[in-house]
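Note sheet for the following structure.
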Amino acid sequence: MNEMVRYAAEPGEPAEAVRSGAVDVVVIGAGQAGLSGAHHLARAGIDHVVLDHAPRPGGAWQFRWPSLTYGKVHGMHALPGMELTDADPLRPSSEVIGEYFAAYEDRFDLRVRRPVDVSAVREGDAGRLRVETSAGVWSPRALINATGTWDRPFWPRYPGQETFRGRQLHTANYPGPQEFAGARVIVVGGGTSAVQHLLEIAEVAAGTTWVTRRPPVFRDGSFGEAEGRAAVALVDERVRRGLPPQSVVSVTGLPLNEAVRAGLDSGVLARRPVFDRITATGVAWADGTRVDADVILWATGFRAAVDHLAPLHLREPGGGIRVEGTRAVRDERIHLVGYGPSASTIGANRAGGAAVREIRRFLAREGAAMPAAR
């Protein structure tokens with residue numbers, strides 16, 4: 001039996017939230033990637049704990065804006081062993097997927113501990129890692145990092161940005177279109193979120209302007225298995241070289257569906273190149289062109305939330321963590337799922353299983369007692 005260490009609880013904090021100690025594997029994050037990893041660990045009979053900083057099940061989905069209904073979700077692959085069926089396409093995706101994840105945790109008895117904030121992962125004693133959290137310290141032999149990107153919104157910086165007298169917000173804080181009624185809105189970014197924001201904001205705003213660094217590429221026709229493999233291979237090549245992962249849209253393009261076609265026809269999706277500076281009342285280009293705005297919405301994506309791994313010195317000179325499969329090249333105890341080529345719902349599922357297979361072999365080499373896989 002693992003030694004359990006007792007920590008003082010904050011007033012009103014449940015006792016379960018302050019137990020920690022030695023386990024074989026810690027999983028950080030309970031989104032698609034984390035739950036997939038936990039599922040495979042449970043099936044393999046490997047002693048583990050799942051730590052999630054979110055207040056409830058649902059991963060990053062629980063924070064999505066209410067107007068992103070389930071029918072608008074661009075691909076949602078079921079978790080291993082349990083399909084998501086009969087979902088109402090008109091319900092908010094945050095509700096549908098949140099309830100699905102909660103049911104999944106319950107069905108497979110995954111016992112996710114939340115809310116637990118992980119502050120750092122360091123070298124521990126006797127070859128173990130030291131996972132420092134708001135609920136104590138865990139000492140695992142290996143770690144599955146499934147923290148995704150939602151907690152690290154990317155805010156570009158432009159000259160004059162601090163002088164803008166209007167409102168600036170990021171997709172991570174997008175409240176839905178209703179708050180932009182009658183406003184002049186500039187949406188910055190060339191991804192799927194930017195397009196979704198524009199299409200719904202344009203229905204209530206006084207005017208919208210779309211700005212992107214590069215001309216958007218729209219994908220007409222099907223996106224099948226071959227195209228998916230090719231896109232994953234491009235992202236995989238970057239993480240193998242130790243470069244930060246690219247966004248999915250940068251290698252797949254934007255799907256040209258009926259709503260997008262209507263937006264192109266109406267001019268809502270008429271794109272301008274990125275501006276040179278921000279003024280007190282809007283944005284300006286070097287040629288003297290100006291657009292006034294009340295709101296700048298930065299749909300500029302996210303970066304991998306891996307700062308807590310910094311003490312392990314996993315980053316390469318290129319700025320990313322070099323990964324082979326799911327394993328960090330600089331430390332075989334660390335597996336990243338939902339990172340780079342596995343940053344999709346189906347990719348996260350596969351990565352969760354692959355990580356556990358490697359961890360099982362690693363633990364066997366290290367002499368850990370391994371039960372037969374179920």
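Please state which of the following conditions G148 fails to meet, knowing it meets all the rest: (1) touching a Gly at 6+ places or on another chain (Cβ under 6 Å); (2) over 22 Å from K72 (Cα atoms). The single condition G148 does not satisfy is (2).
Within the range 202-237, being within 24 Å of the chain's Cα centre (by Cα), at pLDDT 90 or above and β-branched (V, I, T) holds for V211, T212.
Residues that are farther than 17 Å from V118 by Cβ and assigned to a helix (DSSP H, G or I) within the range 29-56 comprise Q32, S36, H39, H40, L41, A42, R43, A44, listed in sequence order. Evaluated against (1) farther than 26 Å from T300 by Cα; (2) not charged (D, E, K, R); (3) not in a loop (DSSP other than H, G, I, E, B), L110 falls short on exactly one condition, (3).
Each residue in the range 132-174 was checked for being more than 15 Å from the chain's Cα centre (by Cα), in a loop (DSSP other than H, G, I, E, B), under 30 Å from S193 (Cα atoms) and touching a residue at least 60 places away in the same chain (Cβ under 8 Å), and 9 of them qualify. The C-beta contact set for the range 63-89 (first residue farther than 21 Å from E258 by Cα and outside any loop (DSSP other than H, G, I, E, B), second residue at pLDDT 90 or above and aliphatic (A, V, I, L, M), distance under 9 angstrom, 6+ apart or interchain) comprises F63/A54; F63/A172; L79/L35; M82/A103. Listed by position, the strands (runs of 3 or more DSSP E) inside the range 248-358 whose residues that are surrounded by fewer than 17 Cβ atoms within 10 Å (Cβ to Cβ) number at least 2 are 271-273, 290-292.
The values are calculated or read from the model by the stated rules, or taken from the named source; none is laboratory data. Bear in mind that the values here come from a model prediction, so they are computed numbers and not experimental data. Cβ coordinates were reconstructed from backbone atoms using ideal geometry, including for glycine residues, and neighbour counts include every protein chain displayed.
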